[in-house]
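To start, the structure under review is shown below, and the notes come after it.
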Amino acid sequence: MFFERVYDKSLAQASYLIGCQKMGVAAVIDAKRDVDTYLEIAKANQLKITHIFETHIHADFLAGSRELAALTGAEMYLSAEGGEGWEYEFPHNRLKHGDVIKLGNLSFEVIHTPGHTPESISFLLTHHPASQQPVMLFTGDFVFVGDVGRPDLLEKLQDSPGQLN
């Protein structure tokens, strides 16, 4: 398994490139706008980006998922949780709690983790055949080491879903 964290200090935003080296394929989670970083990492490690995941709708930075998909031909896998007003408005694979996405020897189980936003999902990674137990959890802004995310951002919703007070 290949794993690299990409961190943007100016935004305090982390993204990840995870790959199955045996199959030469990779996924990017929560891509930042400057997608050249992922293209360079993939090329240097002889990986093809085939999957793009997002943990939630990002309002605090510009996501690079659509641009990365256009450049690589990768498919986007985005949340179908959260209800009206919290849907992505462009073509993608719709993810629900319990879905499992396979990527070579890797599997990503979708866990609905509302709190930061209603449609937030996390990805539980298992590296087969090395282990049948999960090895990582990607939570976006829901869980941090030693803390929880920012559920206070959605304390009050107006009558129209997706509108913050």
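Structure notes:
- For the range 12-26, the set of residues classified as modelled with pLDDT of 95 or more and among the hydrophobic types (A, V, I, L, M, F, W, C) consists of 17, 18, 20, 23, 25, 26, listed by residue number.
- Test: residue in the range 104-118 that is loosely packed, with under 14 Cβ neighbours inside 10 Å, small (Gly, Ala, Ser) and more than 13 Å from residue 57 (Cα to Cα): no
Residues checked against (1) among the acidic types (Asp, Glu); (2) at pLDDT below 95; (3) assigned to a loop (DSSP other than H, G, I, E, B):
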site	(1), (2), (3)
28	no, no, no
39	no, no, no
56	no, yes, yes
60	yes, yes, yes
71	no, no, no
78	no, yes, no
85	no, yes, yes
91	no, yes, yes
97	no, no, yes
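- Residues of the range 8-17 include none that is surrounded by 20 or more Cβ atoms within 10 Å (Cβ to Cβ) and more than 16 Å from residue 139 (Cα to Cα).
- Subset of the range 26-41 [crowded, with 22+ Cβ neighbours inside 10 Å and within 25 Å of residue 126 (Cα to Cα)]: 26, 27, 28, 29, 30, 31, 32, 38
The values are calculated or read from the model by the stated rules, or taken from the named source; none is laboratory data. Bear in mind that the values here come from a model prediction, so they are computed numbers and not experimental data. Positions of Cβ are generated from backbone atoms using ideal geometry, with glycine treated the same way; all protein chains shown enter the neighbour counts.
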